[in-house]
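Read through the structure below, which is laid out as structure tokens, and then see the notes.
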């Protein structure tokens, strides 16, 4: 059945994007405009997407705005091959590959880079709202030679709009829909004389959850984001540019796991009596206390660009901070009936400093070169307190409060909470040379030398639990003190890339790329056990063709890839001796291979209509993974890795009256069946699903004013994520606001 659906989906994609004869396209030529050129910075220069020998999906700020999506994590619905896993530390995956871990010395497989600054803070996606964006480029495969941080799976490069000299402009927009869905933003560009300009932007967005805390009569699954960004551009001379930027963003949500099945019969009976029916579509909870997560991220950067002769020197200095607070109890019922982990509180503070310096030649000459150095230090300090009751209620039938708790975050005879302090330091030198051998043939050689040191320590301070529980409390540890409470892992690596390319003509280019990647090892403390893991390496092979046909009205890019990982840093939810709930353990899988194909097509069908389609096939599986000498995961698929992902969209812009234009966008995003837990247990199977978004409206006064309607998940397609067996609570899961239809209206005004 799924095979037939996939076949039909591919057929529909190809039909929508290229399923017409060459003669028909040529016939439109006299009326059609050409496709807009896509400019990317994948090689740290502004270049046409069609000239770069890398598989890239690029999204313009306009496309993001018309999509109706709100957050960086929503990029997964617009870029086939990109996936986001909200569990186990939360992280992106590209081509099925990415590490999700609660370990603070573990680095990201997919690097997020915003305005040339690597956003590597734990629990930090680099940006909260998609506001005032110029472009997002998603680079597939290892990207270590030109970006400061090594990224074994890929890079998400986000570019926000810079100030414009000599122009006063601005834009305000607002939308409101069902379930109190809202996205409001404002931005202004102010010239400051002839040589400087200031750009300010701010946003607010949120939505009420579709679930309910039945006992508390409060919304479950709500979120609220707001933030601001300021950028000051100064160009004292024609050869010098200074850009200072600062930003702040706040996030809050009440998304927690809800019950599916497997809890004790008495617990389930009480849930049902209180209005909660466990199941695969349950979004409610009868918990007597509310769970929530709050994040604040802020920082600043200074970028200096100077033309020195025909070359360009660029230096970027950045300082960033993140504060992450979680208060996520797990009981399912009011504490006077049943408790499990009634107190689960933590705070994470990160500080990051980075410096990057690049020297680049101009393009178009026989020898093109780029070289640079990079230094980055990230520190993290987290405390976590988790109190467990072994199923006893917080208040017994006689009205007596529970005064004795087990601590899952501390060992016997020690403090009652865990404190992790980590420091990840990276120093690197990188560069690339490109030889333009002829007008048609060229070859690029890139390399990166990295020196990394990741360290982490674990201590057990004593928190004032009496103030938390409201009674005089005795806390009992549940594990042994680790034989080491501090460790470090150091490593050096040389990664490289070789990429020949050949242009048959100005419109068709073929390329091949061989690249290697590296991610340093780390120090893990799991269930109070000291458990370091080794560095991860990858060898990647990619061949592709990039073409623009019929006078640039049809764009077809296609590639085949295979990535072979050694000592892949995998995370698994498993039983740890002494732990009362399963723990996420990070370790090395001996081998992993991800292989597949990627197709991107765009067609300017008429002056008014543009069609886009992308399809990705990915087969990602462990080739060698035996855990703890007892369980063999070899041959099983990677988690959150669907074989098929596709996105199809149509954009229609047509004048309908004097000073009035109709704008319409419809998009469809599909992903096939996947598993969310290592080993493909049946309970973690997520069926394939597709989401349709719609946005339509009219603009007046030369597009200054736009009014319209939008619909997200138009056909109300439900899906779930984050399946997890959680001890005696049984099977739990997360749900997403994207799994429900939202219809609303919007307005925006530009000046």
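The values are calculated or read from the model by the stated rules, or taken from the named source; none is laboratory data. From a predicted model like this one, the values you see are computed outputs, not experimental measurements. Here the Cβ is made from the backbone with ideal geometry for all residues, glycine too, and neighbour counts use every protein chain on show.
Worth pointing out:
Yes/no matrix, rows are residues, columns are (1) touching a residue at least 60 places away in the same chain (Cβ under 8 Å); (2) within 30 Å of residue 119 (Cα to Cα); (3) outside any strand (DSSP E or B):
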{"site": "349", "(1), (2), (3)": "no, yes, no"}
{"site": "353", "(1), (2), (3)": "no, yes, no"}
{"site": "370", "(1), (2), (3)": "yes, yes, no"}
{"site": "375", "(1), (2), (3)": "no, yes, no"}
{"site": "414", "(1), (2), (3)": "yes, no, yes"}
{"site": "420", "(1), (2), (3)": "yes, yes, no"}
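- The set of residues in the range 322-347 being closer than 30 Å to residue 245 by Cα and without any contact (Cβ under 8 Å) to a residue 60 or more places away in the chain consists of 323, 325, 326, 347.
- Candidate set: the range 545-560, residues that are under 21 Å from residue 80 (Cα atoms) and surrounded by fewer than 21 Cβ atoms within 10 Å (Cβ to Cβ); chosen: the one farthest from the chain's Cα centre (by Cα): 547
- Against the conditions (1) in a strand (DSSP E or B); (2) touching a residue at least 60 places away in the same chain (Cβ under 8 Å), residue 234 satisfies every one except (2).
- Any chance residue 462 is under 30 Å from residue 517 (Cα atoms), out of contact with any helix residue (DSSP H, G or I) (no Cβ under 7 Å at 6 or more places or on another chain), modelled with pLDDT of 90 or more and part of a loop (DSSP other than H, G, I, E, B): no
- Hits in the range 443-467 (condition: surrounded by 17 or more Cβ atoms within 10 Å (Cβ to Cβ), over 24 Å from residue 531 (Cβ atoms) and free of Cβ contacts under 8 Å to residues at least 60 places away in the same chain): 443
- Filtered residues of the range 166-216 (kept if in a loop (DSSP other than H, G, I, E, B) and within 30 Å of residue 258 (Cα to Cα)): 208, 209, 210, 214, 215, 216
- Qualifying residue in the range 635-642 (condition: closer than 23 Å to residue 604 by Cα and surrounded by fewer than 22 Cβ atoms within 10 Å (Cβ to Cβ)): no
- Checked against the criterion of being in a strand (DSSP E or B), modelled with pLDDT under 95 and out of contact with any strand residue (DSSP E or B) (no Cβ under 7 Å at 6 or more places or on another chain), the range 643-655 has no qualifying residue.
- Apart from one condition, residue 44 fits all of (1) buried (at least 17 other Cβ atoms within 10 Å of the Cβ); (2) modelled with pLDDT under 75; (3) at negative phi; (4) not in a helix (DSSP H, G or I); the exception is (3).
- Pairs, first on the phi > 0 side of the Ramachandran plot and in a helix (DSSP H, G or I) in the range 48-64, second at pLDDT below 90 and buried (at least 21 other Cβ atoms within 10 Å of the Cβ), C-beta under 9 Å, six or more apart: none
- Checked against the criterion of being touching a helix residue (DSSP H, G or I) at 6+ places or on another chain (Cβ under 7 Å) and either more than 18 Å from residue 286 (Cα to Cα) or at pLDDT 95 or above (or both), the candidates 207, 235 yield just one match: 207.
- Count - residues of the range 601-620 that are within 23 Å of residue 538 (Cβ to Cβ) and crowded, with 19+ Cβ neighbours inside 10 Å: 4
- The requirement of being in a loop (DSSP other than H, G, I, E, B) and in contact with a helix residue (DSSP H, G or I) (Cβ under 6 Å, 6 or more places away or on another chain) is fulfilled somewhere in the range 473-490, by at least one residue.
- Of the strands (runs of 3 or more DSSP E) that lie entirely inside the range 71-165, those containing 3 or more residues that are touching a residue at least 60 places away in the same chain (Cβ under 8 Å) and within 16 Å of the chain's Cα centre (by Cα) span 82-85, 91-94, 133-140, 154-160.
- Selection status of residue 267, buried (at least 19 other Cβ atoms within 10 Å of the Cβ), assigned to a strand (DSSP E or B) and touching a helix residue (DSSP H, G or I) at 6+ places or on another chain (Cβ under 9 Å): no
- Residue list for the range 710-726, restricted to those being touching a strand residue (DSSP E or B) at 6+ places or on another chain (Cβ under 6 Å), on the phi < 0 side of the Ramachandran plot and assigned to a loop (DSSP other than H, G, I, E, B): 714, 715, 717, 719, 726
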